Amino acid sequence: MAVAVSHSIQGEIGRRFGAVRETFIENFARRGELGGACCAYHRGEKVADLWGGVRNKQTGEPWDQDTMVIVYSATKGLAAMTLAIAHSRGWLDYEERVCTYWPEFAQQGKARITVRQLLAHQAGLYVLDEPVDRRLVSDLDRLAGVLARQRPAWEPGTRQAYHAITLGFYESELLRRIDPRHRSLGQFFQDEIASPLGLDVFIRLPEHIPNSRLAVITRPSWVDILHGFPLRLALDTMNPRSKIVRALRGSELPHDERRVYARDLEVPSGGAVGTAQAIARAYSVFATGGRELGLRPETLELLAAPAVPPTRGFYDECMKTDGIQFSLGFMKPTPVLPFGSGSSFGSPGAGGALGFADPTAGVGYAYVTSKMGTRLSGDPRDVALRNALYSALPMASSTRPS
């Protein structure tokens, strides 16, 4: 590994992967990068670990090796890892009905919803009728009652609608029911994934993390959103009664004006805070057999398999887009948002973050940033980095992303 090149861009790069470093530098010069990090593993070996720019636009403080940032919906992939571990331990069957593990869930016409359908955003539970505030989210027993009483928006299994915030709450309560220690998803992730692997990523950010380690998000303007989002979705984001705005209720909870991000609060669909290195390392384990976490081959085969559509297909009622596919809590690569090979699984986050595992290529990858972009089909900074990474892999022609 060699040290990267300038006063503002730091890190290490593998001998064959100099193009990734050059692309990371180019992101600042040509693609408007402000501050961020990228990390990639290949067959268990770290081949790129880069960071640079600033973590706070207002103060100009630099992005350091241990700088962490919120990754929004890239959290969903980390959350799905916890249920994959539960599956490998025999606690969970993806084809079983949710109410088998959580009897109260059967209320309001939800008795036939399977774990697979819930994790694929096919349960019609993309919004909660009760306000999603900090008091509700902090009281897991009360939250469980609210979740159980929610009526699906339509017949489960017939349509797909992005469960932007609710998915993580349902996953966490399901995990509490099947975990012999009844831990929340954030605590389980810390105990069973982050701590064993030595990862700087948290689904529940602890009190002891200082603000000086946290990057401050720079948000896009409405003009940027109108130019970057598909028109129908851009217009929906301005309508408080639209499905996507209602689905995003609670997405603001991880932020804290005084402390950058809230401490000791779990929003398992969108509140993870961490480094690119940590996220890439977790996905690397999933891409290379999962031995460190006790993952069974049967579990990994299911994660790599194609998504199963609802009866009306993959049109997403919240995002107003056809072809986005989810499976077992992860997003799968499609022409709408391609990443890795067909066996890949991961999750993007609002603004450009992405983490994924590619079992075919043996790649674990993550990109994070403090400057939110607006491209739903892949942020140009991330796409350029992934293209550079895959071009450097052995037998690149067979592993290059589609």
Out of everything in segment 34-48 that is part of a strand (DSSP E or B) and charged (D, E, K, R), what residue ends up being nearest to the chain's Cα centre (by Cα)? Lys46
Scanning segment 4-18 for residues that are small (Gly, Ala, Ser), crowded, with 18+ Cβ neighbours inside 10 Å and modelled with pLDDT of 90 or more gives Gly11, Gly14
Flag if Val127 is modelled with pLDDT of 95 or more, within 21 Å of Ser347 (Cβ to Cβ), among the β-branched types (Val, Ile, Thr) and assigned to a loop (DSSP other than H, G, I, E, B): yes
So which residues in segment 278-312 are touching a Leu at 6+ places or on another chain (Cβ under 8 Å), closer than 29 Å to Gln65 by Cβ and in contact (Cβ under 8 Å) with a residue 12 or more places away in the chain? Ala278, Ile279, Arg281, Ala282, Val285, Phe286, Gly290, Glu292, Leu293
Quick check: is even one residue across segment 241-260 within 17 Å of the chain's Cα centre (by Cα), hydroxyl-bearing (Ser, Thr, Tyr) and over 26 Å from Gly340 (Cβ atoms)? yes
Output for Cβ contacts, cut-off 8 Å, separation at least six or different chains, first residue within 22 Å of Glu22 (Cβ to Cβ) in segment 41-67, second in a loop (DSSP other than H, G, I, E, B) and aromatic (Phe, Trp, Tyr), reads Val47/Phe17; Ala48/Phe17; Trp51/Trp63; Gly52/Trp63; Gly53/Trp63; Val54/Trp63
What do you reckon, is Ala366 in contact with a Leu (Cβ under 9 Å, 6 or more places away or on another chain) and either surrounded by fewer than 19 Cβ atoms within 10 Å (Cβ to Cβ) or more than 30 Å from Glu61 (Cα to Cα) (or both)? no
Kindly indicate whether any position in segment 247-257 is touching a strand residue (DSSP E or B) at 6+ places or on another chain (Cβ under 9 Å) and in contact (Cβ under 8 Å) with a residue 24 or more places away in the chain. yes
When the residues of segment 288-335 are filtered to those that are charged (D, E, K, R) and within 17 Å of Lys76 (Cβ to Cβ), which remaining residue is modelled with the lowest pLDDT? Asp316
Considering every residue within segment 201-222, establish whether at least one is farther than 26 Å from Glu61 by Cα and either in contact (Cβ under 8 Å) with a residue 24 or more places away in the chain or among the polar types (S, T, N, Q) (or both). no
Among the residues of segment 295-334, write down those that are in a strand (DSSP E or B), out of contact with any strand residue (DSSP E or B) (no Cβ under 6 Å at 6 or more places or on another chain) and either of a type in the set (Ser, Thr, Tyr) or farther than 26 Å from Trp154 by Cα (or both). Thr321, Ser327
The number of residues in segment 106-116 that are without any contact (Cβ under 8 Å) to a residue 60 or more places away in the chain and in a helix (DSSP H, G or I) is 5
Looking at (1) closer than 23 Å to Glu96 by Cβ; (2) of a type in the set (A, V, I, L, M, F, W, C); (3) not in a helix (DSSP H, G or I), which is the only condition Ala164 fails? (1)
Of the residues that sit in segment 49-100 and are buried (at least 24 other Cβ atoms within 10 Å of the Cβ) and assigned to a strand (DSSP E or B), which one is nearest to the chain's Cα centre (by Cα)? Ile70
Considering only residues that are of a type in the set (Asp, Glu) and either under 23 Å from Ala84 (Cα atoms) or free of Cβ contacts under 8 Å to residues at least 60 places away in the same chain (or both), look in segment 117-152 and name the one that is surrounded by the most Cβ atoms within 10 Å (Cβ to Cβ). Glu130
Residue list for segment 280-294, filter: part of a helix (DSSP H, G or I) and either farther than 14 Å from Ala361 by Cα or aliphatic (A, V, I, L, M) (or both): Ala280, Arg281, Ala282, Val285, Ala287, Arg291, Glu292, Leu293
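The values are calculated or read from the model by the stated rules, or taken from the named source; none is laboratory data. Given the structure is predicted, the values throughout are model-derived calculations rather than measurements. When we count neighbours, we look across all protein chains shown, and the Cβ atoms used for this are built from the backbone with ideal geometry, even at glycine.
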